[in-house]
Amino acid sequence: MPKKERQGIVVSDKMDKTIVVKVASYDPHPKYKKIIETNKNYKAHDENNECGVGDIVRIVESKPLSGNKRWSLLEVVEKAK
């Protein structure tokens, strides 16, 4: 089975070699069919501390790296301005 990939925005880079990425998903409401945005935060491993707050990044799932870090940085899609 292929590894899952997510794209989101970095909301925190205060930890060493760890970033927090906010990933948005859009799904219709079961009854009213209005599109609802839900956000989820993932902690991802950033080996070289290359990401900053506001960067758009792509993360991929990996083995558990710490107590609640299960994703790794795949690439920086766009740097923050």
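Read the figures in this text as sums done on the coordinates, not as results from a lab. Only a predicted model underlies this, so the values are computations on that prediction, with no experimental measurement involved. Note that we place each Cβ from the backbone using ideal geometry, even for glycine, and neighbour counts take in every protein chain shown.
What to note about this one:
- Remark: spin-label model distance LYS17-SER66 equals 0.9 nm, labels positioned 7 Å along the Cα→Cβ axis.
- Per-residue Karplus couplings for the stretch 48-54, computed as 6.51 cos²θ - 1.76 cosθ + 1.60 with θ equal to phi - 60°, are listed in order as 9, 6, 8, 8, x, 5, x Hz, Gly and Pro entered as x.
- Annotation note: GluC sites (Glu not before Pro) in the chain located in DSSP loop regions with a Cβ neighbour count of at most 15 within 10 Å are GLU47, GLU50.
- Sequence of VAL10, VAL53 once ranked by neighbouring C-beta atoms within 10 Å, starting from the fewest: VAL53, VAL10
- Dividing the alpha-carbon radius of gyration of the chain by the rule-of-thumb value 2.2 N^0.38 Å gives 1.18.
- Taking each residue as 0.36 nm, the span from MET1 to ASN48 lengthens on full extension beyond its C-alpha to C-alpha distance by 14.1 nm.
- Annotation: aspartates and glutamates with alpha-carbon distance below 13 angstrom to LYS3 (same-chain offsets under eight excluded): GLU61.
- Two-site label geometry, LYS34 and GLU75: point separation in nm, points 7 Å out along Cα→Cβ: 3.7 nm
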